[in-house]
Amino acid sequence: MNFLAFLLLGLIAGAIAKLILPGKQAGGWIMTLILGVIGALLGGFLGNLLFDVGVNEFFSISSWLLAIGGAIIVLLVYGAITKNRSHA
């Protein structure tokens, strides 16, 4: 997958993950892009490690599911970190 397609996948996966998670998550579109791309990388890594499937094709359902799942994990971790930081 080329770089721009991966960025677009990360942005959309991050936005979908924000919609799926309950409550309000911190960060705007730039943070969504960053976290979505990190989530897509994480999802691709975990998918390759566990299921021998990675984030390879833009129009593949497995790529989207792995990217969204990874973005959800990254958003949960980011939310836990920023929640504790704001109360310190």
Using 10 Å bins from zero, what percent of all Cα-Cα pairs in the chain falls into each bin?
20, 50, 24, 6, 0
CD proxy, 222 nm, the chain: helix-only mean residue ellipticity via -39,500 (n - 2.57) per DSSP H run with n ≥ 4, per residue, nearest 500, stands at -26500 deg cm²/dmol
Work out how much length residue 4 to residue 49 would gain on full extension: take 0.36 nm times their residue separation and subtract the Cα-Cα distance, in nm to one decimal.
13.8 nm
Length gained, residue 30-residue 65, 0.36 nm per residue minus C-alpha separation, equals 10.5 nm
Between residue 57 and residue 81, the two model label points (7 Å from Cα along the beta-carbon direction) sit apart by a distance in nm of 3.4
Out of the chain, which trypsin sites (Lys or Arg not before Pro) are coil in DSSP terms and have no more than 12 other C-beta atoms within 10 Å?
24
In the chain, helical segments from DSSP H whose Cα atoms cover 24 Å or more along their own axis and that average at least 1.6 on the Kyte-Doolittle scale are 3-20, 29-51
Averaging sequence separations of C-alpha pairs under 8 Å and six or more residues apart, then dividing by the length of the chain, give the relative contact order as a whole percent.
34
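Every read-out reported here was derived from the displayed coordinates using simple, explicitly stated rules and does not represent laboratory data. Remember, it's a predicted structure, so these values are computed and weren't measured experimentally. All Cβ positions, glycine included, derive from the backbone under ideal geometry; neighbour counts span all protein chains shown.
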